[in-house]
1. Given (1) more than 30 Å from GLY589 (Cβ to Cβ); (2) at pLDDT 80 or above; (3) of a type in the set (D, E, K, R), identify the lone condition not met by ARG336.
2. Among the residues of the range 239-252, is there at least one that is open to solvent by 70 Å² or more (accessible area, probe 1.4 Å) and of a type in the set (D, E, K, R)?
3. Could you say whether any residue in the range 273-280 is within 28 Å of GLN193 (Cβ to Cβ) and surrounded by 19 or more Cβ atoms within 10 Å (Cβ to Cβ)?
4. Could you list, in sequence order, all residues of the range 180-231 that are of a type in the set (Ser, Thr, Tyr) and either within 12 Å of the chain's Cα centre (by Cα) or open to solvent by 10 Å² or more (accessible area, probe 1.4 Å) (or both)?
5. Considering each residue of the range 231-262, count those that are without any contact (Cβ under 8 Å) to a residue 40 or more places away in the chain, within 30 Å of ASN180 (Cα to Cα) and not polar (S, T, N, Q), and give that number.
6. In the range 285-322, what residues are touching a strand residue (DSSP E or B) at 6+ places or on another chain (Cβ under 6 Å), modelled with pLDDT under 85 and surrounded by fewer than 18 Cβ atoms within 10 Å (Cβ to Cβ)?
7. Any residue in the range 171-190 that is at pLDDT 85 or above and touching a Phe, Trp or Tyr at 6+ places or on another chain (Cβ under 9 Å)?
8. Considering only residues that are in contact (Cβ under 8 Å) with a residue 40 or more places away in the chain and in a strand (DSSP E or B), which ones fall in the range 46-75?
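The values are calculated or read from the model by the stated rules, or taken from the named source; none is laboratory data. Just so it is clear, the model here is predicted, and its values are computed rather than measured. Positions of Cβ are generated from backbone atoms using ideal geometry, with glycine treated the same way; all protein chains shown enter the neighbour counts. Areas reflect the complete protein model, heavy atoms only, side chains present, ligands, DNA and RNA absent. Shrake-Rupley method; radii C 1.70, N 1.55, O 1.52, S 1.80 Å.
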Amino acid sequence: MMRKTTTILVGYLLLGLPGYAQNITGSMAGRVVDQQGSTVPNATVTVTEPARKVTVTQKTSAVGDFLFAGLLPGSYSVAVEAVGFKKLTKSDIALDANDKLSVGDLTLEVGAVTDSIEVTAQTALLQTESVERSATVTATQIANIEVNGRNALDMAKLVPGVQFTTGTSYAVGSSSNGANDFTVNGARPSQNQLSINGIGNVDTGNNGGMNVAVSIDSVAEFKILTGSYQAEYGRSVGGQIEVVTKSGTDQFHGGGYLYHRNDGLNANTYINNVRGLQKPLFRYNNPGYLIGGPIYIPKVFERARHKAFFFFSQEYQRQLSPNTVKNVLVPTALERKGDFSQSLNNNGAKLTFINDPLTQTPFPGMLVPQNRIYASGQALLNLFPLPNTNQVTNFNYTSQFPGQAPRRETLLRLDYNITDRIRVFGHFIDNQQPTVAPYGSFVLGLNVPITNIANPIPGRSVAAGATWVISPTMTNEFNWGFTHNSILIDETGTVLRTNTSGINLPELYPSAVQNNYLPAVNFNGTRISATPSIGTADAPFINYNTTIDLSDNLTKVWGSHTIKGGIYLQRSRKNQTSFASFNGSYNFGDNASNPYDTGSDSPTRCWAFTIRTSRPPTTSMGFTGTGISSSSWRTPGRLPPA
């Protein structure tokens with residue numbers, strides 16, 4: 001056995017390169033002494049987690065030390081037995097994710113083994129096994145503190161050294177920003193690493209957003225390592241954020257909830273009141289439920305009742321989030337017919353002329369002859385709504401429609417204690433968010449609600465892990481995980497298409513146009529501004545990110561030495577369409593350098609047009625393979641006074 005152990009460890013040490021092979025398990029260490037402070041070797045130490053029926057036993061070393069590795073977060077009890085001493089039991093010891101916890105000296109009293117001492121009240125345990133700076137937000141804190149937005153990561157504000165870089169976000173459950181919303185000890189937001197149950201959960205495209213999110217009610221805890229953490233953590237130099245989901249226990253537990261918010265409790269804005277506009281719709285309806293317990297079928301599958309556990313949660317988010325007021329200058333009914341005699345500029349003053357682009361002389365009466373009107377240009381003007389308010393300054397149309405962001409977050413976690421030495425777990429996370437935006441997004445952006453833009457953001461994560469207690473002093477941990485998210489920004493209808501709108505503006509490279517989209521248009525110039533715009537130049541937008549993680553850690557305790565080695569492999573793929581004017585871009589604004597300038601910002605003559613000849617997608621794929629090796633040493637007994 002010694003030869004086999006040495007071979008395994010040497011193999012890991014040879015792979016020991018800077019990197020990480022992280023997980024969520026922690027360790028618990030201590031020393032057994034008698035009432036005179038002398039160490040007690042060969043004492044039997046048993047660590048138990050009653051909720052999941054986990055029990056691990058080992059003997060103390062020659063100097064009375066013990067260390068249990070590979071323990072999942074939970075509430076543990078420690079029992080110590082030795083010949084000639086009373087049994088000692090210490091309960092309610094909280095072990096958080098990645099904790100290197102020391103229970104200190106456990107003092108045994110002389111007596112019969114049948115006698116016992118139980119310690120239930122105790123002072124907070126100090127972390128003396130490592131020098132890391134970290135903080136844990138527990139399930140109790142998550143349940144008792146109201147979080148605007150119902151995102152557990154928002155509670156990182158409670159951790160010293162964490163500074164949020166964004167303001168209040170009213171979107172519930174969004175997984176887009178994730179760890180990009182805050183800095184840790186001055187590091188950039190994109191330098192944070194985020195994981196769920198030990199599996200990486202970072203969009204490698206923006207290096208900070210989450211691929212998936214879970215309901216705040218399904219989070220058992222999350223821990224942030226802010227500095228001086230061990231060699232097994234890496235990839236990013238910022239904070240290491242570990243989210244741990246709840247798991248089932250030996251008893252059935254469940255619950256349900258409904259969070260509701262309505263604009264009926266809000267006041268209207270001053271500007272809306274002045275303009276006679278109604279309050280914007282602002283409504284949240286977030287029902288959810290969760291259930292967990294043992295897995296068994298009475299009289300059929302009884303054997304697994306105290307070994308297999310499940311936890312399942314779902315949250316539905318029905319959201320209407322307000323948008324800012326859009327004030328736009330749309331073409332009037334007269335202007336659509338070529339009559340500019342009543343047209344106003346930015347200051348609300350009448351235009352005094354409009355030139356014939358061919359002769360550069362004013363059109364009589366500021367009327368464009370009907371035989372000079374370009375049909376596609378007129379169809380473009382008719383694409384926009386008519387004015388709904390009198391023009392006083394630079395706009396005659398105002399709107400404020402809410403965005404719909406329905407979302408569903410599903411989590412299933414399974415735990416199974418195959419034997420006392422082998423424990424496995426798995427999770428499945430599914431996010432669905434079929435967002436519909438009346439004003440589009442960063443692609444297909446609109447400032448007039450002429451069509452709905454779909455922006456679905458689904459996400460999925462599948463993970464599995466196993467912990468194998470090879471011997472009382474050797475533990476191996478294996479994790480595998482897959483995460484995926486995608487974005488598809490596209491029009492829900494066919495309003496913005498050349499084959500349905502009657503708008504057929506010339507294209508330099510028709511083969512580059514995607515899905516018959518119209519070119520982007522802009523009318524802003526020196527005389528008018530706040531005109532309608534169509535952000536179709538690079539539509540549709542397609543994006544997806546997939547990561548596959550595999551890690552393995554081996555921990556060996558040799559007396560006062562703890563040696564740990566591990567490997568980490570990740571395959572990351574990011575596909576997205578590049579940002580360029582594949583569908584073309586027209587600018588109808590006035591320009592003094594344009595010999596065909598009409599003196600008015602209107603679709604009577606275009607002065608600039610851009611288009612790309614093709615649309616190559618942007619694809620990035622990366623493979624990361626790293627390893628770690630570390631060694632720690634505990635002093636054998638108390639150090640002599642200086």
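1. For ARG336, the failing item is (1).
2. First, the residues of the range 239-252 that are open to solvent by 70 Å² or more (accessible area, probe 1.4 Å): 251-252.
Going one step further and asking which of them are of a type in the set (D, E, K, R), we end up with none.
No, the range 239-252 has no match at all.
3. So the first thing to find is which residues in the range 273-280 are within 28 Å of GLN193 (Cβ to Cβ), and the list is none.
No: the range 273-280 contains no residue that is within 28 Å of GLN193 (Cβ to Cβ) and surrounded by 19 or more Cβ atoms within 10 Å (Cβ to Cβ).
4. First, pick out the residues of the range 180-231 that are of a type in the set (Ser, Thr, Tyr): 183, 190, 195, 204, 215, 218, 226, 228-229.
The answer is THR183, SER190, SER195, THR204, SER215, THR226, SER228, TYR229.
5. Step one: list which residues in the range 231-262 are without any contact (Cβ under 8 Å) to a residue 40 or more places away in the chain, which gives 254-256, 258, 260-262.
In the following step, the residues that additionally are within 30 Å of ASN180 (Cα to Cα) were identified as 258, 260-262.
Those left that are additionally not polar (S, T, N, Q): 258, 260-261.
Counting residues in the range 231-262 that are without any contact (Cβ under 8 Å) to a residue 40 or more places away in the chain, within 30 Å of ASN180 (Cα to Cα) and not polar (S, T, N, Q) gives 3.
6. Initially, the range 285-322 is screened for residues touching a strand residue (DSSP E or B) at 6+ places or on another chain (Cβ under 6 Å), giving 285-292, 294-295, 305, 307-321.
Checking which are modelled with pLDDT under 85 leaves us with 305, 319-321.
ARG305 - this is the single residue of the range 285-322 that is touching a strand residue (DSSP E or B) at 6+ places or on another chain (Cβ under 6 Å), modelled with pLDDT under 85 and surrounded by fewer than 18 Cβ atoms within 10 Å (Cβ to Cβ).
7. No: the range 171-190 contains no residue that is at pLDDT 85 or above and touching a Phe, Trp or Tyr at 6+ places or on another chain (Cβ under 9 Å).
8. VAL54, THR55, VAL56, THR57, GLN58, LYS59, ASP65, LEU67, PHE68, ALA69, GLY70, LEU71 - these are the residues of the range 46-75 that are in contact (Cβ under 8 Å) with a residue 40 or more places away in the chain and in a strand (DSSP E or B).
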